[in-house]
Ligand SMILES: Nc1ncnc2c1ncn2[C@@H]1O[C@H](COP(=O)(O)OP(=O)(O)OP(=O)(O)O)[C@@H](O)[C@H]1O
Ligand SMILES: [Mg+2]
């Protein structure tokens with residue numbers, strides 16, 4: 001039997017800078033082929049977190065939401081970053097028809113905004129993060145496969161985010 005050791009990790013940030021810092025710290029633990037799936041409303045902080053991840057991987061480009069394409073590629077870092085915004089896709093079929101699932105097999109890190117649209121296609125070890133909140137506070141609820149749990153908690157603690165079991 002394949003028992004998945006998922007754990008829900010929760011923490012809060014109180015500024016965009018702190019969210020970005022978390023991303024920067026957590027990125028240090030990422031490997032080629034990792035997928036981070038982000039859900040949360042408009043303005044939740046998905047791109048802000050992705051900006052931190054890009055920085056943590058060593059890319060010097062400024063990350064903004066993909067506008068004309070579904071995915072932006074960032075290099076120059078330790079690993080490629082593939083930043084998806086699937087908001088405009090109609091569903092999984094649309095993703096597959098566009099051949100976008102090929103990115104999961106490339107040796108980079110995939111960060112996917114609005115990932116719920118393609119949830120059924122996400123690889124088994126996907127890190128799922130939901131961001132909620134208003135003002136400057138954001139709550140992160142992360143469905144975290146075993147191999148990243150330690151790194152996620154460490155990154156949250158390192159940036160001074162309030163953690164919750
Ligand atoms: N603690 C926080 N963490 C992240 N962003 C925050 C925080 N507090 C305030 N903000 C603000 O929330 C906004 C987050 O914007 P961002 O573009 O990252 O959202 P998004 O989830 O990518 O939205 P969209 O779905 O439109 O792409 C920014 O204006 C940022 O300054
Ligand atoms: Mg965004």
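Quick note: the coordinates plus some simple rules give every number you see, no bench work behind them. What you see is a predicted model; the values in this text were computed from it and never measured. All Cβ positions, glycine included, derive from the backbone under ideal geometry; neighbour counts span all protein chains shown.
Peptides 47-53, 133-139, 113-119: what's the order by average Cβ count within 10 Å, highest mean first?
47-53, 113-119, 133-139
With contacts defined as alpha carbon pairs under 8 Å and 6 or more residues apart, what's the relative contact order of segment 88-165 in percent?
Rounded, it is 19 percent for segment 88-165.
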Quiz item: Counting only DSSP beta bridges with both residues in segment 1-153, what percent are antiparallel, rounded to the nearest 5?
Solution: 55
Exercise. Given the options 144, 31, 110, state which has the largest fluctuation in a GNM of the chain using a 10 Å cut-off (strictly under) for Cα springs.
Key: 31
Quiz item: Tell me, what is the percent relative contact order of the chain, built from C-alpha pairs under 8 Å that lie six or more residues apart?
Solution: 38
